1. Extending each Cα 7 Å along its Cβ direction at Y144 and L161, get the distance between those two points in nm, one decimal.
2. Over the Cα atoms of the range 106-168, compute the convex hull volume and normalise it per residue, giving Å³.
3. Taking only the Cα atoms of the range 8-95, how large is their convex hull per residue, in Å³?
4. Go through the range 9-40 and name the chymotrypsin sites (Phe, Trp or Tyr not before Pro) that are in a DSSP coil and have 15 or fewer other Cβ atoms within 10 Å of their Cβ.
5. Please arrange F6, F35 by how many other C-beta atoms lie within 10 Å of their C-beta, fewest to most.
6. Which whole-Hz couplings ³J(HN,Hα) result when phi for each residue of the range 60-71 is put into the Karplus expression 6.51 cos²θ - 1.76 cosθ + 1.60, θ = phi - 60°, listed in order with x for Gly and Pro?
7. Starting at the first residue of the range 120-135, write each ³J(HN,Hα) from the Karplus equation 6.51 cos²θ - 1.76 cosθ + 1.60 with θ = phi - 60°, in whole Hz, x for Gly and Pro.
8. Against the 2.2 N^0.38 Å scaling, with N counting residues, where does the chain land? I'd like the Cα-based Rg ratio to two decimal places.
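None of the figures in this text is laboratory data; all of them are computed from the coordinates on show. Computed from a predicted model, the values in this text were never measured in an experiment. Cβ atoms come from the backbone with ideal geometry, glycine included; neighbour counts cover every protein chain shown.
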Amino acid sequence: MKRKEFIEEDLINIGKIVGTYGYQGMVRVVPLTDFPQRFKQLKRVILWHQGMGKEVAVEASRPYKAVHLLKLEGIDSREEAQLYQNALLKIEESELYPLPEGYYYHFQLQGLSVYDEEKGLLGELTDILETGANDVYVVKSREYGEILLPAIKEVILDIDLEEKKMLVKLLPGLI
């Protein structure tokens, strides 16, 4: 069977191996997802280690304190598990949990061209800050520098992932 090649930019991080558990090769995984319940039904995962990814079966999974314990195919001892310290667990985009309409994963928004309904092209959405009340979109603009846009419906009018565009209405004082 030919081994599948993975491109890291096409994959989504869902966890990071932070240690071992026991002597049977279980790893302790910190979830990097808003849906840690995904680990309960996880059947396979892409183990990303030393710049390469390989698909492995998840033989067992259970929550444990603030982490999840996973038994991954081919890791059968504590010593083998220690070799994967800081490795990432990834999935393909097709395996993401579907979000309700009008909600997006951060990676889907980063890189969008941001247009104001009056000023036209503002720049590119480069980062998203999680503030608690609402996210703040960081837009890098040649003309206006860094613009911070609150992710609220009064400002964000439309998002078109296929066109890679976001339409906004700037509130007074944003630039």
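1. A separation of 2.6 nm, rounded to one decimal place.
2. 75
3. Details: hull volume 7.3 nm³, N = 88.
Output value, Cα hull per residue: 83 Å³.
4. Working: sites: Y21, Y23, F39; in loops: Y23.
Within the range 9-40, the qualifying chymotrypsin sites (Phe, Trp or Tyr not before Pro) (loop, at most 15 other Cβ atoms within 10 Å) are Y23.
5. Arranged by neighbour count, lowest to highest, F6, F35 become F35, F6.
6. 7, 8, 7, x, 8, 6, 8, 10, 10, 9, 10, 9
7. For the range 120-135, the Karplus curve yields x, 4, 9, x, 10, 6, 10, 7, 10, 9, 9, 9, x, 5, 7, 5 Hz.
8. Details: Rg = 20.0 Å, N = 175, 2.2 N^0.38 = 15.7 Å.
Output field value: 1.28.
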